[in-house]
1. I'd like to compare 164-174, 63-73: which one has the highest average count of other Cβ atoms within 10 Å, and what's the full order after that?
2. Please list the helices of the chain that count as membrane-span-like by this rule: a mean Kyte-Doolittle hydropathy of at least 0.0 together with Cα atoms stretching 27 Å or more along the helix axis, each helix being a complete DSSP H run.
3. So what is the 222 nm mean residue ellipticity for the chain from helices alone, if each DSSP H run of at least 4 adds -39500 (n - 2.57) and you divide by all residues, rounding to the nearest 500 deg cm²/dmol?
4. Along the Cα→Cβ direction, 7 angstrom out, place labels at residue 53 and residue 152. What is the inter-label distance in nm?
5. Lys and Arg at +1, Asp and Glu at -1: add these up for the other residues within a Cβ distance under 10 Å of residue 142 and post the number.
6. Can you tell me what the convex hull of the Cα atoms of the chain projects to on average, as an area in nm²?
7. Hey, what did the chain get for relative contact order, percent, Cα under 8 Å, at least 6 apart?
8. Can you give me the orientation-averaged projected area of the convex hull built on the Cα atoms of the range 125-190, in nm²?
Amino acid sequence: MKFNEIESQLKKYCAGIAGAGGLGSNCAVSLARSGIGTLVIADFDKVEYKNLNRQYYFTDQVRMYKTDALKANIERINPGVNLVMHKLKLNENNIAKVFADCDIIVEAFDRDDQKEMLIETVQSKLRGIPLIIGSGLAGFGSNETLHSRKIDDTLFVCGDESTAAGDDLPPMAPRVCIVANMQANLVIEILLKKLTPGKR
């Protein structure tokens, strides 16, 4: 397919992103550059200086809400994307409402308990909607360990599935961005294989 054909198909779809940090901000930018029609992005946090080593923000956006800063950045890249931003903390009571119109959802949380909560909520309340999670992306090097894997009919994972972030193994831009772009790449692959938007 030529790019204009890919773009014309992707603009029919809506992708949800849970979190606008390292994974979420970079995944959103890649999807916007690829021509996704609508992005639904939820995050409650603000940009901090320590985020700038891996998140798609700039020094003059520090202390802005991530949803506001990311909206401004995406609008500079592709003003044709419909952006639905939710400045809130996702939980089991609001996830289904926030992502109800999405054809696919990307998980971009930092904490394992949040990841588990999102998986359980999506699979119980938004059945049939594909969910792509990130797992194992801290540190640097070891490109060969990064992969994507289908867990079941609607659940996929990108990362090395083992490397946990810590003081001695911080998340860094190269691996974070690789995994974020793996997620975006998988979103595009799944959506382009669908017959019609909204079909579960």
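Coordinate-derived values only; no laboratory data. These figures come from a predicted structure and were not determined experimentally. Cβ sites come from the backbone with ideal geometry, for glycine too, and all protein chains shown count toward neighbours.
1. So the order, starting with the most tightly packed, is 63-73, 164-174.
2. Helices meeting the criterion: 173-193.
3. Rounded to the nearest 500, it is -11000 deg cm²/dmol.
4. Reported label-point gap for residue 53 and residue 152 is 3.7 nm.
5. My count for the surroundings of residue 142 gives -1.
6. Answer in nm², one decimal: 10.7.
7. 24 percent
8. Averaged projected area of the range 125-190's Cα convex hull equals 5.0 nm².
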